[in-house]
Amino acid sequence: MSRHPTGLPGSDVTGPLDGVRVVELAGIGPGPFAAMLLADLGADVVRVDRPGPSPLGGDPAYDVTNRNKRSVLVDLKSPEGPGTVRALAARAEILVEGYRPGVAERLGVGPEECMAVNPALVYGRMTGWGQRGPLASRAGHDIEYLAPTGTLGMIGDPDRPPAVPANLLGDYAGGSLYLVVGVLAALHHARATGTGQVVDAAIVDGASHLSAMIHGMLAAGAWQDRRGANLLDGGCPYYGTYETADGRHMAVGALEPRFYAEFLRLLGIEDRAAAHADVTRWPELREQVAARFRTRTRDAWTAVFEGSDACVAPVFSLREAPHHPHLAARGTFTDHGGITQPAPAPRFSATPATVRTGPARPGADTDDVARDWDVPRLLSSSSNPQ
């Protein structure tokens, strides 16, 4: 399929996916984030919104996951709605949807219908449980999908319930990122062969896949199947977080012996070198490390460990993070339209990605998309925003 101009305003260089057309059937959670990542990388993502209020409510101007996209309004329950989506799919290379299994088919925009008009289409499906299995049609959210995979059970203190990792581990790491990898791999295949395919991205699959190394350690007897008893789950006293005198926290990751030695030296407890490999001494070491960190503020300890290889860093809040000197120097965060937000990642030397436009307003781009994608029926089947 030939490349198409994005039609988006801003820099001529829009990222490595410049020219890739993506249709996103509006939803919530991992689907929009995956489409945002594709848009950040330069794809022309057209989000198909339905008339009416946003599923999550609130002002769409603050929904950063809709940045770098364009939006059209299509009533999929109207007689002409499904045909309009199929017309968009005929001009796209990727389509992303996050409905429960069977919903897209009932609406007339499932893989069979869309690939009938575009055999090279990559049809990405984002769900929690996947397209098949006894729970496929069951409702759920990030935390529920993580629960049976073993990943949620690894996180937190041993004497407390598993900790809640926001929706980052399931929705975005186990869901969105695997969908993006899947559709881009399928796009490579489609461009080479002319044949599209369906990508079934399930959070339960991705979250399980993330624990591959841990399963290997478990099989080798190097990981205990319980929380707070292992090297990387908070069980190790030199890999964890500690409260400081001002109620803030420091993060410690001094795993290797030379980093551990530097950590002890700067913390002022060099006599604890032997506790590195002696698990029986870990509880005592943890108490001493915790006591030392409580003697100074977070900023004071940050100064102590500045420039060292002790693998210690201050724990920042969301509002503090953009002001961290290293992140500020790299431009890890950016301001666009009055919203401080993470900049596109990763970085590219020849085709840099940028935040080109703010969150797409539902239906605001219907006329432009109808012209740029040559889909005139959008104008007759969409409701113009007020």
Open item on the list: Just to be sure I understand, how many residues within the stretch 305-355 are within 16 Å of V64 (Cα to Cα) and hydroxyl-bearing (S, T, Y)?
Closed with: 4
Open item on the list: Consider the stretch 206-238. How many of its residues are among the aromatic types (F, W, Y) and surrounded by fewer than 18 Cβ atoms within 10 Å (Cβ to Cβ)?
Closed with: 0
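For (1) surrounded by fewer than 13 Cβ atoms within 10 Å (Cβ to Cβ); (2) within 26 Å of P53 (Cα to Cα), each residue gets a yes or a no:
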{"residue": "A313", "(1), (2)": "no, no"}
{"residue": "P322", "(1), (2)": "no, no"}
{"residue": "H326", "(1), (2)": "yes, no"}
{"residue": "A329", "(1), (2)": "yes, no"}
{"residue": "G338", "(1), (2)": "yes, yes"}
{"residue": "R356", "(1), (2)": "no, yes"}
{"residue": "A364", "(1), (2)": "no, yes"}
{"residue": "S380", "(1), (2)": "yes, yes"}
Task: Scan of the stretch 102-117 for residues that are assigned to a loop (DSSP other than H, G, I, E, B) and crowded, with 20+ Cβ neighbours inside 10 Å, ordered by number - done: V109, G110
- [ ] Among the residues of the stretch 148-167, write down those that are more than 19 Å from W223 (Cβ to Cβ) and surrounded by 14 or more Cβ atoms within 10 Å (Cβ to Cβ).
- [x] N167
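Rundown of residues vs (1) modelled with pLDDT under 95; (2) closer than 21 Å to T14 by Cα, yes/no style:
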site: W301; (1), (2): no, no
site: F305; (1), (2): no, no
site: V315; (1), (2): no, no
site: D335; (1), (2): no, yes
site: I339; (1), (2): no, yes
site: V355; (1), (2): no, yes
site: S380; (1), (2): yes, no
Open item on the list: Return the residues of the stretch 168-205 that are among the small types (G, A, S), assigned to a helix (DSSP H, G or I) and surrounded by fewer than 23 Cβ atoms within 10 Å (Cβ to Cβ); say none if nothing qualifies.
Closed with: A173, G182, A185, A186, A190, A192
- [ ] Evaluate the stretch 271-283: report whether one residue or more is of a type in the set (A, V, I, L, M) and under 25 Å from P325 (Cβ atoms).
- [x] no
Task: Members of the stretch 130-148 found to be farther than 17 Å from G29 by Cβ and part of a helix (DSSP H, G or I), listed by number - done: P148
Open item on the list: Can you say whether R86 is at pLDDT 95 or above, within 21 Å of Y178 (Cβ to Cβ) and assigned by TED's automatic domain parsing to the domain that holds D200, as far as the supplied structure shows?
Closed with: no
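Against the definition (small (G, A, S), touching a residue at least 12 places away in the same chain (Cβ under 8 Å) and outside the structural domain of A92 (by TED's automatic domain parsing)), how does G363 come out, yes or no?
So G363 fails the test.
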- [ ] For the stretch 280-307, name all the residues that are under 34 Å from the mean Cα position of the chain (by Cα) and more than 18 Å from T241 (Cβ to Cβ).
- [x] A303, E306, G307
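The values are calculated or read from the model by the stated rules, or taken from the named source; none is laboratory data. Since this is a predicted model, take the numbers as computed values, not measurements. All Cβ positions, glycine included, derive from the backbone under ideal geometry; neighbour counts span all protein chains shown.
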